[in-house]
Structure formats: structure tokens, C-alpha cells
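Structure, as C-alpha cells:
The values are calculated or read from the model by the stated rules, or taken from the named source; none is laboratory data. Everything numeric here is computed off the predicted structure, so don't read it as measured data. Counting neighbours? That spans all protein chains shown, and the Cβs are built from the backbone with ideal geometry, glycine included. Please note that ligands, DNA and RNA were not included when accessible areas were found on the heavy atoms of the full protein model with its side chains. Shrake-Rupley method; radii C 1.70, N 1.55, O 1.52, S 1.80 Å.
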Amino acid sequence: MDEHQILGFVAAYLKKKGFKQTEKVFQEEFQQNKSNSSSNSNLEPDIANHLLAFSQLENGPARYHNGYSRLRTWTYSSLDLYRHELLRVLYPVFIHCFMDLVAKGHIQEARNFFTTFREDHEMMHLRDIQKLEGVLSPTHLKEMEFAHSLRQSKFNIKICEYSYELLLQHLHSTQSTTILGIINEHINFQVTSGQPSLISDDPEAVTLTGSSQEAANQTNQKEIHWGLLEDSLEERLEKPGALLSDSEKGDGEAKEGENDESKKRSIEGGKQGASVKKMKKDKGGSATGKIGKAEAIVVPAAPRVKSDLPLPVIPTEVEQSILEDLRNRVQLSSVALPSVSFYTFINTHNGLSCSSISHDGSLVAGGFSDSSLKVWDMAKLGQQPSSSLLQDENDTSQNEQMLGKSGGKRQYTLFQGHSGPVYATSFCPVGDFILSSSADSTIRLWSTKLNANLVCYKGHNYPVWDVQFSPMGHYFASSSHDRTARIWSMDRIQPLRIMAGHLSDVDCVQWHANCNYIATGSSDKTVRLWDVQSGECVRVFVGHRGMVLSLSMSPDGRYMASGDEDGTIMMWDLSSGRCVTPLVGHTSCVWSLAFSSEGSILASGSADCTVKLWDVNTSTKVSRTDEKNGNTNRLRSLKTLPTKSTPVNTLRFSRRNLLFAAGALVKNA
């Protein structure tokens, strides 16, 4: 072995460990000694062999498998008190060991490593594992944006001081230089004093941040105005005596009708139908309405802000209707829960891809995989011909014709125009309009009064996952597979703003109460808040471990709730950009979230076939002491309402605080 080889080995080692200054000095000394010495001195054979063996060990693929295996064994055998914190380190080490092996061309070793240890992380990181499974070469690693973002990012891991010391002692005692290098390069430890905190009590225990952490922090320092609009209809009702005392006689009884909980009315037509499942609460809940009002008075009023958008003028008759609803609104609280009206779609044959409910619950829309949009008028359900009740599921097309002849009209309005599955629908809050978005990359505006398509909006390049009208109508927002969200107005066929910044699909979008901001949830596991006027991102919310599927803004505009595919709901403070509290209880995707009209109750609908009601006032008033001590009392679930076999994909509180829900019945095999 000559001196050049030795130089190469030593220089490579110094460079790998990040000793740049030492490497530079070593290179200078070597060059100086070489020029001063004319003799070619050979190194001792045993020293050369040691260096060669060390170099081969450092560059061999087995070091990743052995190093991770030792770390894994040690972690699982550590004390129970610290084990859950130390386990947080395994996932980032696992994925970077795998990607390092692929990058160095050790494809077979990388696959063996991945297959051996993937089960450890499938429960918490299944989607990430499935994405990385497709990495089969260094080229794939460079071209896959998800892998590239992981390579350029650091994991932030919260860990107590003693756990951190235990980890360092293990790595140094086992001389796991490879694993130590990965941890130094890709993990940023946030060491805290005191006892370790449970991961379920801390939504930010493990987060992934980009290489520009300072830029993300700077984004969340931007000023936002989260208050309500000046001279809003709600503001007019804040005067003393504005709310009527007979609110118990409001929307709940008028819309629900009969008290028989088991009564169903079904409508059949085309390839699907719908049935309305009425759920009547015990009247004892209404008796506590006054208690709910007393609690609501304590909540401080939201500040007033001006709109950055020119808002449309609300027609007088619509304004009067809204004011009447607000006057008769039932005040909800932890002791006065809402009544629920559940609309169940039957015989959809797995064709229902989305649904929505109008603000008063009178209309229900369903988007289907056959590219159709269907709207049911709840007031006409009683006019259903008896022949439709005899429909055979296997002969829907013939029965549709028979229903048309006997009934004169279908029991739903059929809107056709899309050329792909309809993924989202949204009713206009102040007019007879409905929006739909589709896999054909378009958004269509329909008139429920004329039963016709008015406009087709083109701008997205890929499927449009979600579309939502603004609280004042006229403007709407959309989100797409093209990783952007867009702001539109009904009178323009081109988008007014394009919000770009997410690293993956933008799956859901939601307007702020004052129409100055929109929130977007993405498959990149983040939620962003955007300024509608400037198109600028003003908040980045990090903490979810799965794609974000649903969003909801509190009526006062201060808080936002987001639900993900793992069943976790997070409550965010828009001012600080921090998570107030996680709400844990669902066992599957959270597809819909809705705040009650006064903001005291949050409803969540999930693929686990339940609706859950959460106490927002308790959840948002958590002291820092309780937070540090891991007090789980703040995760207060007031009630769980199970369906028989219906995943809940839509929730809507009426202005009078009746909760509407909808979903498609799933037949058990």
C-alpha cells in the first residue's frame, strides 16, 4: 500500500466525519512532507492492513444492517420509562440507511434491509413505506421528489435529557460510526429537561422540517388578522336581547319531523338511491339550552377586520332568512349537544365519491364515479312513488325508466357534464348554485333553480380533489393533484390567484370566516394558510403523520381543526401557528369536520362509521402545566354516535345548530 492510498483512506474518513478543518491541515502537511522528503518510505504492513480493513468496513453495506440492528435491539430492551422516546429515533435512521444503500448502488442489500425491518414502521408510516418501496436504483432516488425532500430535510425529535445521554452512550460504546453519522446529519434533537413526555400527548414529538427551518419559523411570524368581518350579520345580533329564548323550537324540530328514530324514507333512481336516517336526541338536551347560552357569553368577542376582497351584496330576502336563522339558533355547550339528522345513501354500489348538504339541510348532493352529480330535495321525499320501493338492485336501468313513467319525474335532479369521477361538491351559502370538481381537471357551476350547467372553469392540470364556496358566496377555492390551490370568482373563467408551495397533492381546502384567508391540507402532511389578496403563505402547520383530508375553521376565525388519514384531529391556533391540542379517538380516516355556529362544539366524521362531538372550549383552554404533565383530560370527547355500517363523509351544522351528516351504506360481506 503506497502513501497515496493511505492519504485517500484517511482523507475520506475525515471528510465523512465532517472534520473539514482537520482534513485541510492533513492535506497541507502531507504535501509539505512529500516535498521535503525525497525518500519513499513504506508503511508497516500491519498498519496498512488495518487501514485497508477499516476502509472496507466503513464502505461495506453490512455496516448499515449491523448498526441499525444493534440500535433496534438496544432500544427495545431499554427501560420502559425511556423506551417510547428512544423508539422515535428508529424511523429516520431506517429510511436513511435504506436510501444510503440505494445511493451507493447496493440495491440487493438495500432491498434485504428494507424487507427485514419495514414491519417496525408500517403502523405509523405506512404511506411513506409504500412510496419508498418503489425506489429500486440511485436514479429513482434522485427523481422521486418525496425521497429528495427526505434527503434534504431533518427530523425534529423531542427527547428528554436522560434519554439523549443514554443514546449517545450506546452509540459511542458500540462504535456505531455509520449510525452516528446518519443521526448527526438527518436528526435535530430538541432536548428537554425533566421526565419524558408521552408521544400521544405531544403532537410535535416527531416532525419533519425542511432544510430552511429558519424560513418556516419566519413564515409563522407574519401577522394575520383572524377576526370577523365588520358589519357582519352576526355582529348585528350581538346586541342585548337579540337572541330569542324560544330557540329550542328552531331548526331541529322543523327539519327532523317525526320522533320515530327508526323511520326511514328511501329514494331510488339510476344506479343509486338515498335514505334519510333520522336520529332524534332526548328532549332533555334542549332543556339545558339556557345553560349553554350562559357559557357562550363568557367567550371574548372576536376582533373586527375589513375584507380584502370586494364582497357581493347579499339579497335582502336572503339576508332576512339568515338573520331569522341566527335569532332562532340553539346555543350548544358540553351539556346541550346538537340534534343530528343523518342522510344515508343506499344502493350506490360503491359509486358515491363525495356528498354535500346545503346550509339549511333541504338539499343533498352526491358526486359519483360515473361522472354524474345528483341533487335530492328533502321536501319531495314524501312524494315518492310506491313502485320505487320495489326496485331490484340488479335491474336499476329498467326501473329508472319505470320510475320516470309512473312518477313523472325522477326523485333527484341529474346534472351531467363531467367526463370523470366527481370528487367534491359545494353549495353556495347565499344563492341557488352548486359547484362540482372532477377527475377531468375542471370545476363546473350549476344552477339548482334552472337545473343547468352555467360555467366550466379550466385551470388545473390534474384531478381537482376539493372545491369550496367562500362564506359570502361568489368566490370559491379549489385544490388539486397538481399541488396547487386556486381562488376563483363565479364571473371569471380563469383563476384569480394560484397558491403553490405544497410538496404533494393538495387534498382539501377551507375558507376563513372573514374571507381573507384559505387553508389547504396536503398529502405532504402539512396544512398551510394563505393570504387571498397576495397569494402568500402566512402559516405552515406541521404535526400530522398522515395526509390531511379535512379542515374546518371556527366561526370566530381564531382556531382551525384538521383531520388526517390516521384518525388524528389537531386544533391549531392561527395566531401562533401552534397546535393547541390533538383530539384522539377515531380509528380511521377523518373525512369531515364541522364547528357549531357559536364554535363551542366540533363534530368529526370518519371512515370508522362514527360521528364524534368534541368540547372545543375545554380543548382550547389548556394550561402549560397540564401540557407538560401530559394531562389527557383536555382530549375531551363529549359523545360518540355510531352508524350501523355507514362511513361518514360529510358534516354540516345549520345556522340554527342542527347537525346534518351523510354517507353511503356499506354492505357487510
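Quick notes
- Entirely in region 524-617, the strands (runs of 3 or more DSSP E) that have 1 or more residues that are of a type in the set (S, T, N, Q), touching a Lys or Arg at 6+ places or on another chain (Cβ under 7 Å) and within 23 Å of Pro642 (Cβ to Cβ): 601-606
- Among residues of region 590-612, those that are touching a helix residue (DSSP H, G or I) at 6+ places or on another chain (Cβ under 9 Å) and of a type in the set (Gly, Ala, Ser), counted: 4
- Where helices (runs of 4 or more DSSP H) fall entirely within region 97-149, those with at least 3 residues that are farther than 29 Å from Cys589 by Cα are at 107-117, 138-143.
- Any hit, region 464-481, residues being surrounded by fewer than 23 Cβ atoms within 10 Å (Cβ to Cβ) and without any contact (Cβ under 8 Å) to a residue 40 or more places away in the chain: yes
- In region 125-164, the residue that is nearest to Ala103 (Cα to Cα) out of those that are open to solvent by 60 Å² or more (accessible area, probe 1.4 Å) and in contact with a strand residue (DSSP E or B) (Cβ under 9 Å, 6 or more places away or on another chain) is Lys154.
- Search result, residues across region 482-523 that are open to solvent by 30 Å² or more (accessible area, probe 1.4 Å), under 19 Å from Ser426 (Cβ atoms) and in a strand (DSSP E or B): Arg497, Gln510
- Single residue of Trp488, Trp511 found to be under 21 Å from the mean Cα position of the chain (by Cα), at pLDDT 90 or above and under 25 Å from His225 (Cβ atoms): Trp511
- Residue that is surrounded by the fewest Cβ atoms within 10 Å (Cβ to Cβ) [pool: residues in region 312-332 that are touching a residue at least 40 places away in the same chain (Cβ under 8 Å) and not in a helix (DSSP H, G or I)]: Pro315
- Region 642-659 - residue that is more than 14 Å from Ile601 (Cα to Cα) and not in a loop (DSSP other than H, G, I, E, B) and, of those, farthest from the chain's Cα centre (by Cα): Pro642
- Only a single criterion out of (1) closer than 19 Å to Ala594 by Cβ; (2) at pLDDT 85 or above is not satisfied by Gly285, namely (2).
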